């Protein structure tokens with residue numbers, strides 16, 4: 001499996017500090033029950049998704065510097081809709097349901113799968129997905145299968161390893177290396193990844209610089225009309 005992307009990175013400082021995006025505004029727009037009812041032709045979208053209890057809401061709040069923008073729940077798997085936030089009046093941050101599915105019925109699990117797959121398969125406005133992986137655990141089957149499914153759909157994505165402040169650095173680095181090693185068994189080129197901590201704000205500059213660079217590239221090379 002081949003995937004063209006940037007080189008992997010571990011917690012490096014942003015090279016061009018003056019090019020790091022400043023978050024000037026972050027506004028909730030709406031929640032949608034399926035991709036087909038989402039507004040078309042809007043600004044570029046950056047989707048955030050991960051297994052239940054991966055720390056997605058905390059990471060979104062840290063990234064946007066808006067406490068409470070995304071609701072942090074004590075019960076994993078509470079996100080059930082496609083939640084749209086307009087950032088800097090330039091791009092949409094889309095908060096997707098998790099794919100680990102904390103205690104839900106079989107029918108609800110299927111509905112969530114259809115919601116997620118429908119968004120990634122048909123959303124033309126999607127620029128890149130951030131797949132969140134818990135750095136505290138060994139590579140999981142759910143995470144690896146989901147990442148591979150994005151590759152099969154040719155969805156552009158990067159990886160953000162979360163909760164890196166909760167274990168010692170040697171173990172964290174080993175878990176990251178193990179995960180990327182598992183991917184290397186089937187991928188010719190590994191996706192970009194970021195080391196993050198919502199508590200310590202680790203990785204924020206790197207992620208915002210990546211988003212800013214992606215937006216600048218899109219502006220310089222707009223997609224051809226369909």
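Restricting 89, 80 to those that are surrounded by fewer than 17 Cβ atoms within 10 Å (Cβ to Cβ), within 25 Å of residue 40 (Cα to Cα) and modelled with pLDDT of 90 or more reduces the list to 89.
Just so you know, in segment 14-69 the residues that are farther than 19 Å from residue 82 by Cα and in a helix (DSSP H, G or I) include one that is modelled with the highest pLDDT, and it is 62.
Within segment 165-206, being under 15 Å from residue 138 (Cβ atoms) and in contact with a helix residue (DSSP H, G or I) (Cβ under 9 Å, 6 or more places away or on another chain) holds for 166, 167, 179, 182, 183. The C-beta contact set for segment 134-148 (first residue more than 18 Å from residue 158 (Cα to Cα), second residue surrounded by 16 or more Cβ atoms within 10 Å (Cβ to Cβ) and at pLDDT 95 or above, distance under 6 angstrom, 6+ apart or interchain) comprises 136/163.
Taking residue 105 as meeting all but one of (1) under 19 Å from residue 32 (Cβ atoms); (2) more than 13 Å from the chain's Cα centre (by Cα), write down the number of the exception. Every condition holds for residue 105 apart from (1).
Of the residues examined, residue 213 is not one that is surrounded by 14 or more Cβ atoms within 10 Å (Cβ to Cβ) and over 19 Å from residue 89 (Cα atoms).
The values are calculated or read from the model by the stated rules, or taken from the named source; none is laboratory data. These figures come from a predicted structure and were not determined experimentally. When we count neighbours, we look across all protein chains shown, and the Cβ atoms used for this are built from the backbone with ideal geometry, even at glycine.
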